[in-house]
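Here the structure is laid out as structure tokens; the discussion comes afterwards.
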């Protein structure tokens, strides 16, 4: 497709369950970001990849959160032993990586509900 | 440590211009001003960005004051589809590529 694709769109997990969220970037986009958006708030940065290298993971809230992009394309955000406070929309964004004069393209997000 | 200040909400009449203010009094010389919007249940969408000159594209105009401490996003002819949360973001020219969203302005366009 032409845009950033995220799957699943919705995920309900029982507390303690592990989940994996997928992001398919726009073809050729070098930079990939994950954001977390709690209800009624703006997105919060989680982590950043340039190709397969994870250059910034300062926003990951705990060691239960792990992200990977092994071949520099598709990325997966994994959350282990989910907690209720993990309930949020998880957004993926990509850009060409050709400097700051670029726009980021966002997917529609995955809404995670932990029950 | 929010770098921008926006009003929490504003209403606009359909067909009229919507002027969205943003204060960024601590902006550095190497920081751009970006605007994104987020329509309900969608991911954020890029609108426009600028450094110091006014900018215009097919979606909006961006007016930046001469001292760069504030800016205004102008939607020239608001439609019901422009109802969204609008985020004003400052982003450095080098080094920090992430977008730091605040709470934004919830804009409601009314018929």
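Throughout, read-outs are computed from the coordinates displayed, never taken from laboratory work. Note that the structure is a prediction, hence the values are computed from the model and not measured. For neighbour counting, all protein chains shown are included, and Cβ atoms are generated from backbone atoms with ideal geometry for every residue, glycine included.
Remarks
- The stretch A:14-54 and the stretch B:1-69 have Cα centres separated by 24 Å.
- Cβ crowding within 10 Å, taken as a proxy for footprinting-reagent exposure, orders A:27, B:70, A:75, A:7 from fewest neighbours to most as A:27, A:7, B:70, A:75.
- Sorting B:40, B:49, B:77 by the number of Cβ atoms found within 10 Å of their own Cβ, with the fewest placed first, yields B:40, B:77, B:49.
- Full-stretch length increase - residue B:10, residue B:53 - with 0.36 nm per residue and alpha-carbon distance subtracted: 12.9 nm
- Theoretical FRET efficiency, 1/(1+(r/R0)^6), r = Cβ-Cβ of residue A:71 and residue A:39, R0 35 Å, to 0.05: 0.55
- Per-residue extension of 0.36 nm, minus the Cα-Cα distance of residue B:19 and residue B:94, leaves a gain of 24.1 nm for this segment.
- Contact order, relative form, for the stretch B:14-109: 34 percent (alpha carbon pairs under 8 Å, 6 or more residues apart, mean separation divided by residue count).
- The relative contact order of the stretch B:7-53 comes to 27 percent, based on Cα pairs under 8 Å that sit 6 or more residues apart.
- A:34, B:35 arranged by Cβ crowding within 10 Å, fewest neighbours leading: B:35, A:34
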